[in-house]
Amino acid sequence: MKFLILYGTKQGQTRKIAKAIADQLMREGNSVDLIDAQKITKTIDPLHYEAILIGASIHASGYLKKLKKWICTHQAI
């Protein structure tokens, strides 16, 4: 399977969790794109993936804006 793992982190903990998940999926023979929410571009098309995992830390202001925007843009797909 081809997975997309998007993560948003402020202190690095969510990155560690996302990387551990990606490593396990790859050991099982899957293809994984692990992408930091700060590097999201319009070229990340959810239709290129069979599964998408999203992880984000929550702070007083909510989720990272860039990640939230990507989710809202693609939620109907």
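Summing Lys and Arg as +1 and Asp and Glu as -1 over all other residues whose Cβ lies under 14 Å from the Cβ of I44 gives a net charge of +2. Here the label points at T73 and K42, each 7 Å from Cα along the C-beta direction, are separated by 0.7 nm in the simple model. The portion of the accessible surface of the chain made up by carbon and sulfur, rounded to a whole percent, is 55 (1.4 Å probe; DNA, RNA and ligands excluded).
Given bins 5 angstrom wide, list per bin the percent of all Cα-Cα distances in region 1-43, short to long. The distribution over region 1-43 is 6, 24, 30, 21, 15, 5, given as percents.
Only bridges whose two residues both fall in the chain count here: according to DSSP, what percent of them are antiparallel, nearest 5? Counting DSSP beta bridges with both partners in the chain, the antiparallel share is about 10 percent. Bridgeable aspartates and glutamates around K10 (alpha carbons under 12 Å apart, same-chain partners fewer than 8 residues away excluded): D36. Our estimate of slack between Q24 and L53, defined as 0.36 nm per intervening residue step minus the Cα-Cα distance, is 9.1 nm.
Can you give me the accessible area per residue for the chain, using a 1.4 Å probe, in Å²?
Spelled out: the 1.4 Å probe surface of the chain, per residue, equals 69 Å².
The values are calculated or read from the model by the stated rules, or taken from the named source; none is laboratory data. Keep in mind that this is a model prediction, so the values were computed, not measured. Glycine gets a Cβ as well: all are built from the backbone with ideal geometry, and neighbour counts include every protein chain shown. The accessibility values were calculated without ligands, DNA or RNA, using every heavy atom of the protein model including side chains. Shrake-Rupley method; radii C 1.70, N 1.55, O 1.52, S 1.80 Å.
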